[in-house]
Amino acid sequence: MLKKKIIPVFLASVLVISGTAGFSAGIVSENVYASEEVHTQRLSDFADLLDADQEEELETKLNQISEDYDCDIVVDIEESIDGMDSAAYADDFFDYNDYGMGDDKSGILFMLTMSERKWAISTHGEAISIFTDAGQEYITDNIVSYFSDGDYYEGFTKFADLCEEFIIQAQNGESYDVENLPEETQPFYIRFLIALVIGFVIAVIISVVMRSGMKTVRMKPDAADYMKSGSLHINKSRDMFLYNHVTRTAKPKEESSDGGSSTHTSSSGETHGGSSGSF
């Protein structure tokens, strides 16, 4: 009789323990960084987009810039983030992997996720003021097209170069922002088309000058010069108002001069700047 009572109690205990373990596992799985290995390298290519030589060259560049300017420059390439918010994921990846340099943990992280076709930037510490909202928009405008075209190495290299340019600008005076962004670099095909147009205009001007030099008949400045003297007699004349020409100039719209960096709080309670989008 005692043995029969023990068996149900034992089975109930097993079920309770199993349920508790499953519940605990569910809680831990939501915090993906707490149980995973911390990544210390500044380049993480989980999607295997880059070959070995590209990884080595890019990581060397990221390390060099980071150490030279005391600001972590990090690239994270994910195969998938399982539908999570890309900006929140980038913040957590930065925080839980302990990126950032100096007392304020200054750094910028660029994340690309292939399945979702998303990108995100996370800034922290002094990097928040170095990479303003307008500055981040400028950077992504200059690199996202590389990712859309599949030129990943070129895009990440451009990102690193722009980060260095922005840090130098901030250290020498004022961070790039709405009023003082670097001049846009025109793509090659745009510069080529501009050169063609300029060449065409110059050719037309030269042609007109040459044709005018070969003419023996010159245009007269006044209509009266084409009339035979004494062939026209005017008996009556008067002035008549025929047309009223009004010129309207559109008043330019006032553009907002608000700059700086917007911030938010990550799941770990850290203050971050950043932005996100698709490619």
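The values are calculated or read from the model by the stated rules, or taken from the named source; none is laboratory data. Note that this is a predicted model, so its numbers are computed, not measured. Glycine also receives a Cβ, built like all others from the backbone with ideal geometry; neighbour counts cover every protein chain displayed.
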Test: A160 is surrounded by 17 or more Cβ atoms within 10 Å (Cβ to Cβ) and part of a helix (DSSP H, G or I): yes
Criterion violated by L112 - all others in (1) within 16 Å of S276 (Cβ to Cβ); (2) assigned to a helix (DSSP H, G or I) satisfied: (2)
Candidate set from segment 126-143 (those that are surrounded by fewer than 24 Cβ atoms within 10 Å (Cβ to Cβ) and not in a helix (DSSP H, G or I)); member that is farthest from the chain's Cα centre (by Cα): E126
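So that you can scan it fast, the table gives a plain yes or no per residue for (1) assigned to a loop (DSSP other than H, G, I, E, B); (2) more than 22 Å from H124 (Cα to Cα); (3) at pLDDT 60 or above; (4) not hydroxyl-bearing (S, T, Y):
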position	(1), (2), (3), (4)
S237	yes, yes, yes, no
V246	yes, yes, no, yes
A250	yes, yes, no, yes
K253	yes, yes, no, yes
G273	no, no, yes, yes
Residue that is surrounded by the most Cβ atoms within 10 Å (Cβ to Cβ) [pool: residues in segment 50-65 that are without any contact (Cβ under 8 Å) to a residue 40 or more places away in the chain and closer than 23 Å to K105 by Cβ]: E59
Index of the failed condition, A90 passing every other in (1) modelled with pLDDT under 95; (2) within 30 Å of the chain's Cα centre (by Cα); (3) part of a helix (DSSP H, G or I): (1)
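Listed residues D151, D98, D104; which is out of contact with any helix residue (DSSP H, G or I) (no Cβ under 8 Å at 6 or more places or on another chain), at pLDDT 95 or above and more than 21 Å from H272 (Cα to Cα)?
Values: D98 fails: more than 21 Å from H272 (Cα to Cα); D104 fails: more than 21 Å from H272 (Cα to Cα).
Exactly one residue qualifies, and that residue is D151.
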